[in-house]
Amino acid sequence: WYQGENNMHGSPGSSLKAQGYGCMMTKMVSAWRAIWSAVPNTTNPLAPFGLVTIAPSGSEGAGQHMSAFRWAQTANYGVLPNPIMPNTYVAQAYDLNDPWAGHYRDPFDPPSVCSLNASLVGSCAYTKNGTQAPLPCCECGSPYASSKCVWDITQWNRDLAPLAPLIRNSSATPQFMGSLHPRLKEPVGRRLAVGLVATAYGGTTPVTGPTIAGCSYDASANTIVLRMNKTLLRQDAVAITRTQTPIPPLPPTPNGTKPPPQTRPGPILDSSLTHVCTGDPDDCSCLSWIDLSQHGPKGTTGWSCEIPFDSGLPRPPQAVRRDVWTEVNVSVLDEASIQVETAGLNTTFGGVQAVKFGWSFESGTCCIDLLEQTGLAPCIPGSCGIMTRDSLLPLNPFFATISGGKCRCPLPQTCDE
């Protein structure tokens, strides 16, 4: 089941409350299985069923629902299989956005994409009449475009590196409806195949990526230890396959041109990387925020917590948010644990209250560097970086509050071991 973009403006809902997509997903799977097995001795009533979560560019303008929607795709358990969706498996796609989805947001510079044959309208490979023409990497656009292009496949993991030539020659498969439907289907298919083999054909690899089982927060050591479900890992282990380090600064500006921005101009407020929240405990527990100036009635401002931690009714609007989410460093502690660093966080509004991964508030990716965001370097597939070591399945996204030094996930998901 590889669908959901058209549902993004609806309610992600909750299977626990029999509402929205989280409920409908379970009913659909059950209904199809009933039809397939209606004739005795044909299809297993619990036939294996796989689904793909929505990629970052699939929000159709409702990015504020993205993370909660992916959670709803798993019936709000955060992982497949689970108690109400047995014999299922999931291919996570939060780290498989179209590599060339980035574009300039600065009107001074025209769009420029560093593929051999860029396939985005307005990029250097397009003429005014829309005819594509092969061009060397970045030999167009701003005055310093050709020297800004970054292409380094040494940062790609072993599973996705063979796709690099195809991705660089991006017009070999032109985009359709922009980047709404990412063109990278092979890694999605591989993840589905791994899940199917582990589910139905006796495979020994994990059926899914690392899955949070619990955590412990040590304020004196400034660390959070995230513990993964060892049963689901089987004989595999958690690993960091790509660290998020800044791409080198841009080259000097040619005389008389606008200075290029820094690679990392400031704190990244929204991405799918590991973030820790400090501040007000209620605000840090909100699963989905609505910026009323962007998504509310005309003339309104402020914020509304659309999906509280208990998946209850939206909270009343508020003028300001007091949740400060900060990208943090992570490292492997052992085969089933990740250590998160919490030193130096902004505690103006309060202490450490929550941790999340793969859970952005506005369809953010894991490609946080300016060159990636603007299309001068590809958003490397699988770049969120926390995966199983051998099978290269990405960590299942999660959102957990921290109380009494332990994690708590929104029900029906549990992570309090």
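Return the pair list, or none, for Cβ contacts closer than 6 Å from residues in the stretch 1-15 that are among the small types (G, A, S) to residues that are outside any helix (DSSP H, G or I), at least 6 apart or on different chains.
Matching pairs, first to second residue: G4/I54; G13/Q19; S14/N76; S14/S311; S15/A75; S15/N76.
So G350 passes all but one of these: (1) assigned to a loop (DSSP other than H, G, I, E, B); (2) within 20 Å of the chain's Cα centre (by Cα). Which condition number does it fail?
(2)
Looking at (1) among the hydrophobic types (A, V, I, L, M, F, W, C); (2) modelled with pLDDT of 90 or more; (3) closer than 22 Å to G404 by Cβ, which is the only condition A319 fails?
Against the list (1) among the hydrophobic types (A, V, I, L, M, F, W, C); (2) modelled with pLDDT of 90 or more; (3) closer than 22 Å to G404 by Cβ, A319 comes up short only on (3).
Tell me, please, whether a residue that is part of a loop (DSSP other than H, G, I, E, B), modelled with pLDDT of 95 or more and touching a Lys or Arg at 6+ places or on another chain (Cβ under 8 Å) can be found in the stretch 231-243.
yes
Run G312 past the list (1) more than 30 Å from R389 (Cβ to Cβ); (2) modelled with pLDDT of 90 or more; (3) surrounded by fewer than 15 Cβ atoms within 10 Å (Cβ to Cβ) and report the number of the one that doesn't hold.
Here G312 clears every test but (2).
What's the number of the condition Q19 fails, among (1) over 23 Å from G195 (Cβ atoms); (2) modelled with pLDDT of 95 or more; (3) surrounded by 14 or more Cβ atoms within 10 Å (Cβ to Cβ)?
Answer for Q19: the failing condition is (2).
Test A34 against the stated conditions and say whether it is modelled with pLDDT of 95 or more, small (G, A, S) and more than 22 Å from G358 (Cα to Cα).
yes
Assuming T401 fulfils every condition listed in (1) in a loop (DSSP other than H, G, I, E, B); (2) over 22 Å from V188 (Cα atoms) apart from one, which condition is it?
Looking at each condition in turn, T401 falls short on (1).
Quick grid of which residues meet (1) modelled with pLDDT under 95; (2) within 18 Å of the chain's Cα centre (by Cα); (3) part of a loop (DSSP other than H, G, I, E, B):
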{"position": "P252", "(1), (2), (3)": "yes, no, yes"}
{"position": "L269", "(1), (2), (3)": "yes, yes, yes"}
{"position": "D282", "(1), (2), (3)": "no, no, no"}
{"position": "T301", "(1), (2), (3)": "yes, no, yes"}
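Return yes when E335 is open to solvent by 20 Å² or more (accessible area, probe 1.4 Å) and at negative phi and no when it is not.
Considered against the rule, which asks whether it is open to solvent by 20 Å² or more (accessible area, probe 1.4 Å) and at negative phi, E335 comes out as yes.
Being assigned to a strand (DSSP E or B) and in contact (Cβ under 8 Å) with a residue 12 or more places away in the chain is the filter; apply it to the stretch 404-417 and report the residue that is farthest from N229 (Cα to Cα).
K406
Given the conditions (1) among the charged types (D, E, K, R); (2) outside any strand (DSSP E or B); (3) within 25 Å of G209 (Cα to Cα), and given that K356 satisfies all but one, which numbered condition is not satisfied?
Failed condition: (2).
Check whether at least one residue in the stretch 355-369 is in contact with a Gly (Cβ under 8 Å, 6 or more places away or on another chain), open to solvent by less than 20 Å² (accessible area, probe 1.4 Å), without any contact (Cβ under 8 Å) to a residue 40 or more places away in the chain and farther than 19 Å from C409 by Cα, and report yes or no.
No: zero hits.
Please determine, by comparing only the residues of the stretch 190-211 that are open to solvent by 20 Å² or more (accessible area, probe 1.4 Å) and of a type outside the set (V, I, T), which one is nearest to L160 (Cα to Cα).
R190
Scan the stretch 32-60 residue by residue and report those that are more than 16 Å from A200 (Cα to Cα), aliphatic (A, V, I, L, M) and surrounded by 15 or more Cβ atoms within 10 Å (Cβ to Cβ).
V52, I54, A55, listed by residue number.
Can you tell me how many residues within the stretch 297-350 are within 22 Å of A221 (Cβ to Cβ), hydrophobic (A, V, I, L, M, F, W, C) and out of contact with any helix residue (DSSP H, G or I) (no Cβ under 9 Å at 6 or more places or on another chain)?
8
Looking only at the stretch 303-345, which residues are polar (S, T, N, Q) and within 24 Å of the chain's Cα centre (by Cα)?
Within the stretch 303-345, S304, S311, T326, N329, S331, S337, Q339, T342 qualify.
Is it true that Y77 is buried (at least 22 other Cβ atoms within 10 Å of the Cβ) and in a loop (DSSP other than H, G, I, E, B)?
Here the answer is yes, as Y77 does meet what is asked.
Looking for something β-branched (V, I, T) and either free of Cβ contacts under 8 Å to residues at least 12 places away in the same chain or open to solvent by 40 Å² or more (accessible area, probe 1.4 Å) (or both) - is there at least one such residue anywhere in the stretch 279-292?
Looking through the stretch 279-292, none of the residues is β-branched (V, I, T) and either free of Cβ contacts under 8 Å to residues at least 12 places away in the same chain or open to solvent by 40 Å² or more (accessible area, probe 1.4 Å) (or both).
The values are calculated or read from the model by the stated rules, or taken from the named source; none is laboratory data. None of these values were measured; they are calculated from a predicted model. We place every Cβ from the backbone using ideal geometry, glycine too, and count neighbours over all the protein chains shown. Only protein heavy atoms, including side chains, enter the accessible area calculation; ligands, DNA and RNA are left aside. Shrake-Rupley method; radii C 1.70, N 1.55, O 1.52, S 1.80 Å.
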